[in-house]
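A quick write-up on the structure given underneath.
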Amino acid sequence: MLKDALGAYRGGIHETTRVIGMRPDSADAWNDRANARNCLGNFSEAVSDYTRALELGLRFREALTALGNRGLARIVLGDLDGAHDDFSEIILRKPTNKLLLRSAFVQRASVKEKKGDSEGAAADRNMAVMLSVR
């Protein structure tokens, strides 16, 4: 949304909330509101909106982005298991965009490190390096 790009996130939230009220099954509207909330630092509400958008069925690319954004928000909230699941889901979906796949491995490695799994973190970092070389 142009308003979001210009910093008018609150208007974006208001507008997408209105759209959600009219079309509660619009995955895109839930995703748009999640992005606006995420940008404002309302991570808990953003996670809820990303979850709803994913349940309603985003397109492949948008779903991958929503999973990544939700994973990052979950890290901030201290939900490392949820963040791990989100980055793992991106990896399982095997996106052809190597940068996105590499990023999912790097983020999951970070989560594993925070959880005390240094061996798993090292394995994910190795995968990220391998994706950089190819």
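Laboratory data are not the source of any read-out in this text; all were calculated from the coordinates shown. Since the structure is predicted, the reported quantities are computational estimates derived from the model, not experimental observations. Heads up, the Cβs are rebuilt from the backbone with ideal geometry, glycines too, and the neighbour counts pull from every protein chain shown.
In terms of the Cα gyration tensor, with a ≥ b ≥ c the square roots of its eigenvalues, is segment 43-86 rounded because a/c is under 1.5, prolate because a/b exceeds b/c, or oblate? Please list the in-between numbers first.
On the way: a/c = 2.28, a/b = 1.62, b/c = 1.40.
It comes out prolate by the Cα gyration axes.
Percent relative contact order of the chain, based on C-alpha pairs within less than 8 angstrom and at least six residues apart? Don't skip to the end; give the middle numbers.
Working: 160 pairs, mean separation 19.5, N = 134.
Result for the chain is 15 percent.
Using the count of nearby Cβ atoms within 10 Å as a rough guide to exposure, how do Glu119, Glu113 rank from fewest to most? Display every interim value, and only then the final one.
Values: Glu119 8, Glu113 15.
Taking fewest neighbouring Cβ atoms as first place, the list is Glu119, Glu113.
Gain in length, Val19 to Val76, computed as 0.36 nm per residue apart minus the alpha-carbon separation, to one decimal in nm?
On the way: separation 57, 0.36 × 57 = 20.52 nm, distance 2.78 nm.
Fully extending the segment from Val19 to Val76 adds 17.7 nm.
Would segment 59-134 count as rounded, prolate or oblate if I go by the C-alpha gyration tensor, calling it rounded below 1.5 in a/c and otherwise prolate when a/b exceeds b/c, oblate otherwise? Kindly include the intermediate steps, with their values, before the conclusion.
Working: a/c = 2.34, a/b = 1.05, b/c = 2.22.
Judged from the Cα gyration tensor, segment 59-134 comes out oblate (a/c at least 1.5, b/c at or above a/b).
Kindly put Leu77, Leu58, Leu92, Leu67 in sequence by how many other C-beta atoms sit within 10 Å of each C-beta, fewest to most.
Working: Leu77 14, Leu58 19, Leu92 8, Leu67 22.
Final ranking by Cβ density, sparse to dense: Leu92, Leu77, Leu58, Leu67.
Using just the Cα positions, wrap the chain in a convex hull and report its mean projected area in square nanometres, one decimal place.
Mean orientational projected area (the chain, Cα hull): 8.3 nm².
Under 1.5 on a/c is rounded, so check that first for segment 17-76, then, if it is not, pick prolate when a/b is larger than b/c and oblate when it is not; a ≥ b ≥ c are the square roots of the alpha carbon gyration tensor eigenvalues. If you can, show how the numbers build up before the last one.
Details: a/c = 2.21, a/b = 1.27, b/c = 1.75.
Oblate is the answer for segment 17-76, as a/c is 1.5 or above yet b/c matches or exceeds a/b.
Return Lys94, Lys112 ranked ascending by Cβ neighbour count within 10 Å, so the fewest neighbours appear first. All intermediate terms of the calculation are to be shown ahead of the outcome.
Numbers: Lys94 7, Lys112 21.
Going from sparsest to densest Cβ surroundings: Lys94, Lys112.
With charges only on Cβ, +1 for K and R and -1 for D and E, what is the dipole size of the chain about its Cα centre, in debye, rounded to 20?
Working: 21 positive and 18 negative charges, 83 e Å.
About 400 debye.
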